[in-house]
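Please read the structure below before turning to the comments.
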């Protein structure tokens, strides 16, 4: 690959990623999403369709195929922006690819590419809808989807050109790496960019991962391992098969050539032997001849004349005379000439019986009285048949492109398919491997600059070499590996999708349904039920949840009923602690008093109290414990009892508070406090001694006049802080005067508009009823507060106490 | 009710806005409880406080007590007249430091 090609591919890979980022930002940051969904999908589809077209036009031609990064665009559109966009982009890319042949794009892959680009758009759309529920996949799955899509694409190219399988395999092989890599990367980067832009973590924390994602990851790893393992096995198997086939092919050819060489040499040697036999004539005649001179004359190494008993009677080598041919395995073979079954016999070039280190080829011809055996050394033999050698391998080929070589002991090629005759073996490039490997073993080497497999044997002093270019030898292996890899990827991907889909449908979707029902229940709707009945497990889970919720509902109802009963009890106790009978002192006509407490909950924190200390002194108290409910009411009971006993012991109101405060501060771990207003009225004079612990000021009115608040700086609330000294205060009531005390439940009563009832409204109410008796005053003020609050809930206890001083001057002293 | 806190020099300033009533007081209570541990000088800013109920007073009271226990200081700042009225009526003005 040249740098230009790499750049071309990089640009084509980056385009879908850039488009994804831009469109994503447009969707996020502008009002683009307000446009009709289908219009939006059309726009996105066209944009990605044009990028697919650019992918085709940026493509590179390989053997009539256009290698390209076209599919990433429709996949990204379908996965990240919506099914329709993916389909539209795929159709645009596919149709343009079909017509792009008109302006020079590859013809060979036209059909496969067009179909594939449309198919991957649909593929991505289906995945988005059924596998990812309209959410984006993880980047790892995106990589897998890009990869599988390209495998599908290349498989389609293969299928549509099955009649030219060899070319198709070559095209697919050439395209596999760049196309799968670039498309896979492109889709992965697009998903990664969107994930980063949306601020999601690339790898989610364990508790945020969905089951389906964990299953995806696990299955992905398993599938990958299975794929790698089976591919390694397939590859090893194919390599071994390929070697064995190659060796068998080479061996058969070598055997053929070996036979040819042997035949040629046998023919040549027998002819020579016949001419020697003619010169010798007969066994008898031979005894008188100089056989050594004859070897010189006829250019042979050795002549032996054997009699009818198989004994050498004459030889060009003196010491051979008397040798019994039957004594050696090699020489004994020639005895067939004596039993009349044949008249000629030739042996292959081999070590002689007499001396194992000496190699000879023997041919023998029958003569009268025995036979003549002629021996040749290698060079004599080769000279004899040299003229015939080139013809042996000239028209021979191994497989389609392989060839045979015959070379002599000096390393020169005597016979070859393509005119390497006379060339030194070293110049062809395979001399080294031939010289270093053993005969009959398969070797790899380089012949005429092409990598080849080779095998050689030796025959008649020649080396016979068979050569098959690796390209041809490995073709079947590569095709098998490639096709099985593709099929495995597609099968595993289909399996992956089916398992994922089943898990999602059988488990994940049901869990979501259970969860949404549970969400209703946890939001407080205990009457909601879970009803997922797709399979036995979820049916029983639903039943269990429903039973649990039912039991819970019953338990809560029972607890609530119990609590209600206890609160009603508590309310009765609290109410009975407050004086409730009016008039409380019927014999006392010198004053009238009325009070009421209306708790916001069943039990409250407000309280009032009044009691005669003696015939002339009436103590009255109103107080408000911070907080409400059971804790406040318990604190209230404590405070009430304490204040009453201190008051009855004869202390002044301020002293009661000073002492009471210290006692209430002890062990006040809940940090509650009480505001209180305590007065002691001298019934003889109308003089009131009082103390105020953080309580609202009283309202006082002369007979027939308006009320006014008696503002006097209060001291701190009771139980707030130890050691406070409360100030003694006083006021005087004239006969007919009314004093009204209340808690902040009155002034801070709030209506639906968040307005407070306030002091002004209180005074207005009081003034409206100034001529009424104390009971009416209290009841009517309360009614006004209720009317003001309206539908808004009552937050605080509402407590009022009114006292009207009548005095004794007009009516005489009681009792 | 909204609570925010900032550190100014040695002081930890806690601003409380909205209504401090029975339903919001526990949140302020929790917040202050953790902040008390972090500072010697706590300032509560009531500039945007619209209403305080007795539950709110209780939080102020317990915060003051907690600061007293650890020997720190509590300053209440920017108290509106309506809120001031409540502090006066309940006698809180006597023991709170209000600026």
With A:480, A:426 as the choices, which residue is free of Cβ contacts under 8 Å to residues at least 24 places away in the same chain and either out of contact with any helix residue (DSSP H, G or I) (no Cβ under 6 Å at 6 or more places or on another chain) or farther than 30 Å from residue A:135 by Cβ (or both)?
A:426
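Restricting to the range A:450-471, name every residue that is under 16 Å from residue A:400 (Cα atoms) and either assigned to a strand (DSSP E or B) or outside the structural domain of residue A:397 (by TED's automatic domain parsing) (or both).
Here is the first cut: in the range A:450-471, the residues under 16 Å from residue A:400 (Cα atoms) are A:450-454, A:466-471.
Once the filter is applied, which keeps residues that are under 16 Å from residue A:400 (Cα atoms) and either assigned to a strand (DSSP E or B) or outside the structural domain of residue A:397 (by TED's automatic domain parsing) (or both), the range A:450-471 yields A:450, A:451, A:452, A:453, A:454, A:466, A:467, A:468, A:469.
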Looking at residue A:696 and the list (1) under 22 Å from residue A:800 (Cβ atoms); (2) more than 9 Å from every other protein chain (Cβ to nearest Cβ); (3) surrounded by 23 or more Cβ atoms within 10 Å (Cβ to Cβ), which single condition is not satisfied?
(2)
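How many residues, within the range A:285-297, are surrounded by 15 or more Cβ atoms within 10 Å (Cβ to Cβ) and in a helix (DSSP H, G or I)? Quick ask: steps written out before the conclusion?
Taking the range A:285-297 first, the residues surrounded by 15 or more Cβ atoms within 10 Å (Cβ to Cβ) are A:285-286, A:289, A:291, A:294-295.
Filter again for in a helix (DSSP H, G or I), leaving A:285-286, A:291, A:294-295.
Looking only at that region, the number is 5.
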Out of B:7, B:19, B:69, sole residue that is assigned to a strand (DSSP E or B), within 14 Å of another protein chain (Cβ to nearest Cβ) and surrounded by fewer than 20 Cβ atoms within 10 Å (Cβ to Cβ):
B:19
Which number in (1) part of a loop (DSSP other than H, G, I, E, B); (2) within 14 Å of another protein chain (Cβ to nearest Cβ); (3) over 60 Å from the mean Cα position of the chain (by Cα) marks the one condition that residue A:792 misses?
(3)
Picked from the range A:721-746 (must be surrounded by fewer than 18 Cβ atoms within 10 Å (Cβ to Cβ) and under 26 Å from residue A:785 (Cβ atoms)), the residue nearest to the other protein chains (Cβ to nearest Cβ) is A:731
Assigned to a helix (DSSP H, G or I), touching a strand residue (DSSP E or B) at 6+ places or on another chain (Cβ under 9 Å) and in contact (Cβ under 8 Å) with a residue 24 or more places away in the chain - does that describe any residue in the range A:431-449?
yes
Where residue A:760 falls short, out of the listed (1) buried (at least 23 other Cβ atoms within 10 Å of the Cβ); (2) under 25 Å from residue B:21 (Cα atoms); (3) out of contact with any helix residue (DSSP H, G or I) (no Cβ under 8 Å at 6 or more places or on another chain)
(1)
Please tell me if residue A:613 is closer than 25 Å to residue A:691 by Cα, in contact (Cβ under 8 Å) with a residue 40 or more places away in the chain, in a strand (DSSP E or B) and in contact with a helix residue (DSSP H, G or I) (Cβ under 9 Å, 6 or more places away or on another chain).
yes
State all residues of the range A:712-757 that are touching a helix residue (DSSP H, G or I) at 6+ places or on another chain (Cβ under 9 Å) and assigned to a strand (DSSP E or B); if no residue qualifies, say none.
A:715, A:718, A:729, A:738, A:740, A:742, A:750, A:756
Odd one out for residue A:753, checked against (1) over 60 Å from the mean Cα position of the chain (by Cα); (2) more than 10 Å from chain B (Cβ to nearest Cβ)
(1)
Number of positions in the range B:36-63 that are surrounded by 23 or more Cβ atoms within 10 Å (Cβ to Cβ) and more than 14 Å from chain A (Cβ to nearest Cβ)
3
Of all residues in the range B:42-66, which are assigned to a strand (DSSP E or B) and within 12 Å of the chain's Cα centre (by Cα)?
B:42, B:43, B:44, B:45, B:49, B:52
In the range A:66-79, how many are within 24 Å of residue A:33 (Cα to Cα) and out of contact with any helix residue (DSSP H, G or I) (no Cβ under 6 Å at 6 or more places or on another chain)?
0
Among the residues in the range A:654-669, are any within 12 Å of chain B (Cβ to nearest Cβ), in a helix (DSSP H, G or I) and surrounded by 23 or more Cβ atoms within 10 Å (Cβ to Cβ)?
yes
If we scan the range A:770-778, do we find a residue that is within 14 Å of chain B (Cβ to nearest Cβ) and either surrounded by 15 or more Cβ atoms within 10 Å (Cβ to Cβ) or assigned to a loop (DSSP other than H, G, I, E, B) (or both)?
no
Selected residue (criterion: surrounded by the fewest Cβ atoms within 10 Å (Cβ to Cβ)) from residues of the range A:700-720 that are within 14 Å of chain B (Cβ to nearest Cβ) and more than 16 Å from residue B:94 (Cα to Cα):
A:711
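Say we look at the range A:681-693 and pick out the residues that are assigned to a loop (DSSP other than H, G, I, E, B) and surrounded by fewer than 16 Cβ atoms within 10 Å (Cβ to Cβ); which of these is farthest from the other protein chains (Cβ to nearest Cβ)? Full working, then the answer.
Going through the range A:681-693, the residues assigned to a loop (DSSP other than H, G, I, E, B) turn out to be A:683-686.
If we keep only those that are surrounded by fewer than 16 Cβ atoms within 10 Å (Cβ to Cβ) too, we end up with A:684-685.
Numbers: A:684: 31, A:685: 28 Å.
The selected residue is A:684.
Inspect the range A:170-177 for any residue being closer than 28 Å to residue A:484 by Cα and outside the structural domain of residue A:147 (by TED's automatic domain parsing) and give the result as yes or no.
Going residue by residue through the range A:170-177, those that are closer than 28 Å to residue A:484 by Cα are A:170-177.
After this cut, where a residue has to be outside the structural domain of residue A:147 (by TED's automatic domain parsing) as well, the list is none.
No, because not a single residue in the range A:170-177 is closer than 28 Å to residue A:484 by Cα and outside the structural domain of residue A:147 (by TED's automatic domain parsing).
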Return a yes/no flag: does the range B:86-98 have any residue that is away from every other protein chain (no Cβ under 13 Å), touching a helix residue (DSSP H, G or I) at 6+ places or on another chain (Cβ under 9 Å) and either assigned to a helix (DSSP H, G or I) or within 23 Å of residue A:726 (Cα to Cα) (or both).
yes
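The values are calculated or read from the model by the stated rules, or taken from the named source; none is laboratory data. As the structure is a computational prediction, the values presented were derived from the model and not from experiment. Virtual Cβ from ideal backbone geometry, glycine too; neighbours counted across all protein chains shown.
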